[in-house]
Amino acid sequence: MFETLLISDENRVRTITFNRPDELNAVNAAMAGELVAALKEAAKDAGVRCLVLTGAGRGFCAGQDLKAVGRRSGEFDFSKTLRETYNRIVTAIRTMEKPVIASVNGVAAGAGWSLALACDLRVASSQAKFVTAFGKIGLVPDAGMTFALPRLVGPARSLEITWLGEPISAERALELGLVNRIEEPDNLASAVLTLAESLARCAPRSLALTKRAINASLGNDLPTQLDYEAQLQGIAGVTKDYAEGVAAFVEKRAPEFTGE
Ligand code: T3D
């Protein structure tokens, strides 16, 4: 269906695989457009309870396709392109009402790292590395990197990482809180699927509203956040899944959540 992406579904988990392995899955115009469409589809498909993003071959994603840069015609409008591509992709991931996991199978560079940072959780291969790349080619970090990094590691480390552009190993990324878990390369896909399946068994509205609450908390003061929690609990507390969760507890059985 897509030229640059592979899509697979297993146990209510959708996996989108960036599929330009010869370029370490660098993003060209076709891939950016297809990613916007694939994220939209995943968001509206009620059968998809968790989404995984990963890369084919030895890379996760090397950011903008630099080989395509030379083929650009006329005066290139960076701002317009970013607004119409990466900004839409990052917004789609951040606002998706289901968990999105980056399964970082190899190098994540430039906007490719930004895409991983936009995800809710990151599981990295022990062989993965993270490279800001922007500074080396005279650009500014984009695709949400300057939003995500300070929230994960604070402003001073964010500047150190983006200014110096030194590659960060998976192990260091784990120490810094840039990834949630590390897996051996051969085990990465199955470990991520197991994690995604656990999330897919949870109550979908509970996961979605929790994502909203955690995202909102970073811009809220305590009274606002407490009120927001009360508002969201007002929604969760009248779902069939809440009734099912309580019934399953009392009956000592596993809940069957439907998303209603
Ligand atoms: O322009 C706009 O629209 C604005 C948006 C900008 C957003 C951005 O993402 S800017 C940042 C762009 N990305 C980079 O600058 C990263 C460039 N790549 C690298 O620095 C290195 O390739 C890596 C650190 C990612 C990996 O290094 P390594 O040694 O593991 O692999 P390699 O040998 O450099 O690359 C392997 C192949 O992938 C190679 O192809 P070849 O020579 O075997 O035919 C290489 O050219 C290709 N490749 C890697 N990155 C890109 C790429 N091809 C196109 N675009 C790339 N970004």
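Annotations for the structure displayed:
A quick yes/no check of all residues on (1) of a type in the set (K, R); (2) over 15 Å from A92 (Cα atoms); (3) part of a strand (DSSP E or B); (4) away from the ligand (no atom under 16 Å from the Cβ):
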| site | (1), (2), (3), (4) |
| --- | --- |
| I7 | no, yes, yes, yes |
| T15 | no, yes, yes, yes |
| A30 | no, yes, no, no |
| G33 | no, no, no, no |
| A37 | no, no, no, yes |
| K40 | yes, no, no, yes |
| A46 | no, yes, no, yes |
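- Condition check for L51: of a type in the set (A, V, I, L, M), away from the ligand (no atom under 11 Å from the Cβ) and either at pLDDT 95 or above or touching a Ser or Thr at 6+ places or on another chain (Cβ under 7 Å) (or both): yes
- Of all residues in segment 100-123 being in a strand (DSSP E or B) and away from the ligand (no atom under 11 Å from the Cβ), the one that is farthest from E184 (Cα to Cα): V100
Each row is one residue, and each column tells you yes or no for (1) open to solvent by less than 60 Å² (accessible area, probe 1.4 Å); (2) more than 15 Å from the chain's Cα centre (by Cα).
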| position | (1), (2) |
| --- | --- |
| A42 | yes, no |
| C50 | yes, no |
| G55 | yes, no |
| L82 | yes, yes |
| T91 | no, no |
| S103 | yes, no |
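- Enumeration of residues in segment 184-215 that are within 18 Å of L117 (Cα to Cα) and either open to solvent by 30 Å² or more (accessible area, probe 1.4 Å) or not aliphatic (A, V, I, L, M) (or both): K211, R212, I214, N215
- Identification of helices (runs of 4 or more DSSP H) wholly contained in segment 54-99 with 2 or more residues that are within 10 Å of the ligand (Cβ to nearest atom) yields 66-69, 78-84.
- Residue check for R88: over 21 Å from C202 (Cβ atoms) and either in contact with a helix residue (DSSP H, G or I) (Cβ under 9 Å, 6 or more places away or on another chain) or without any contact (Cβ under 8 Å) to a residue 60 or more places away in the chain (or both): yes
- Complete set of residues in segment 145-173 that are assigned to a helix (DSSP H, G or I) and either within 10 Å of the ligand (Cβ to nearest atom) or within 16 Å of the chain's Cα centre (by Cα) (or both): M145, T146, F147, A148, L149, R151, L152, A173
- For segment 124-133, a tally of residues being outside any strand (DSSP E or B) and touching a residue at least 40 places away in the same chain (Cβ under 8 Å) returns 4.
- If you filter segment 225-252 down to residues that are open to solvent by 70 Å² or more (accessible area, probe 1.4 Å) and farther than 26 Å from R12 by Cβ, you find that the one that is nearest to the chain's Cα centre (by Cα) is E229.
- Considering each residue of segment 31-39 in turn, none proves to be more than 17 Å from N87 (Cα to Cα) and at pLDDT 95 or above.
- In a residue-by-residue description of segment 223-236, the property of being within 22 Å of A46 (Cβ to Cβ), modelled with pLDDT of 95 or more and among the hydroxyl-bearing types (S, T, Y) applies to no position.
- Here A191 clears all of (1) assigned to a helix (DSSP H, G or I); (2) small (G, A, S); (3) more than 23 Å from V13 (Cα to Cα) except the condition numbered (3).
- Filter pass, E197 being more than 30 Å from E244 (Cα to Cα) and among the acidic types (D, E): no
- Residue within segment 124-144 that is open to solvent by 70 Å² or more (accessible area, probe 1.4 Å) and away from the ligand (no atom under 16 Å from the Cβ) present: no
The values are calculated or read from the model by the stated rules, or taken from the named source; none is laboratory data. All figures in this text were calculated on a predicted structure; none of them were measured in a lab. In this analysis, Cβ positions are derived from the backbone assuming ideal geometry, glycine residues included, and neighbour counts consider all displayed protein chains. Accessible surface is based on the protein model in full, side chains and every heavy atom, while ligands, DNA and RNA are left aside. Shrake-Rupley method; radii C 1.70, N 1.55, O 1.52, S 1.80 Å.
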